[in-house]
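Remarks on the structure that follows.
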Amino acid sequence: MSKIKCFLLDDQINSIERLKSLLYQTDHVEVIGELCDPEKAIDLILQQKPELVFIDVEMPRMSGFDVVQEIRKNLFFPKFIFVTAYDQYAIKAIRAGAFDYILKPIDIDDLRDALDRFQNSQKKYHIPKDCCLSEREKEVVELVLDGKTSKEIGEFLNLSKHTIDSHRRNILDKTNVKSFQDLIRVTVE
């Protein structure tokens, strides 16, 4: 099984080092980047394209939620696991589409459970090469396959739900399938 490409963002270097040591005990991950500065992290995350981002909530100048929003505005949608000492942000994290929420000090079993769930949730899709979808339609397909609703996709892409529904109809027409369930069957490798 291939290792999960992870990025670590926390304003405390000690927290990054502790998380990294726990992650390397799991044999599930490859840490491809780590930073204490949220603004610099946005650019690096967009360049390195990790599958999973471990992110603190409270940081100077930008919260973890601000970072998530900026990354998604750039049409990149990794999974986010919030790692924080504050339990009062859990509901906000869920609403922000967090994959998981782990409290500090991190319990290795909680971390392993989150990584196992992440690996089990990953399905590999491919869109047939002879399928002439626009770049926007490909983005919509990826987001639909990732479980997002038309409303959520519209919010991510800054488009109306009506526009996303039109893209979805066009995708079905172009791929010659009747539903997105059929499309999933076609695209699963």
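For this structure, a couple of remarks:
- In the stretch 141-182, of all residues being more than 22 Å from Pro78 (Cα to Cα) and hydrophobic (A, V, I, L, M, F, W, C), the one that is modelled with the lowest pLDDT corresponds to Val177.
- Residue count, the stretch 1-27 (criterion: modelled with pLDDT of 95 or more, buried (at least 20 other Cβ atoms within 10 Å of the Cβ) and among the β-branched types (Val, Ile, Thr)): 1
- Considered as a group, the residues in the stretch 92-103 that are in a loop (DSSP other than H, G, I, E, B) and in contact with a helix residue (DSSP H, G or I) (Cβ under 7 Å, 6 or more places away or on another chain) include one that is modelled with the highest pLDDT, and that residue is Phe99.
- Subset of the stretch 70-91 [part of a helix (DSSP H, G or I) and either loosely packed, with under 15 Cβ neighbours inside 10 Å or in contact with a Pro (Cβ under 8 Å, 6 or more places away or on another chain) (or both)]: Ile71, Lys73, Asp87, Gln88, Ile91
- Leu133 vs. criteria touching a residue at least 40 places away in the same chain (Cβ under 8 Å) and either under 18 Å from Phe7 (Cα atoms) or of a type in the set (A, V, I, L, M) (or both): yes
- Subset of the stretch 164-184 [touching a helix residue (DSSP H, G or I) at 6+ places or on another chain (Cβ under 6 Å) and among the charged types (D, E, K, R)]: Asp165
- Count of residues meeting criterion [in contact with a Cys (Cβ under 9 Å, 6 or more places away or on another chain), hydrophobic (A, V, I, L, M, F, W, C) and outside any strand (DSSP E or B)] in the stretch 44-69: 1
- Enumerated helices (runs of 4 or more DSSP H) restricted to the stretch 131-189, each holding at least 2 residues that are touching a His at 6+ places or on another chain (Cβ under 6 Å): 135-145
The values are calculated or read from the model by the stated rules, or taken from the named source; none is laboratory data. Since we're looking at a predicted model, the values are computed, not measured. With ideal geometry, Cβ positions are generated from the backbone for all residues, glycine too; neighbour counts draw on all protein chains shown.
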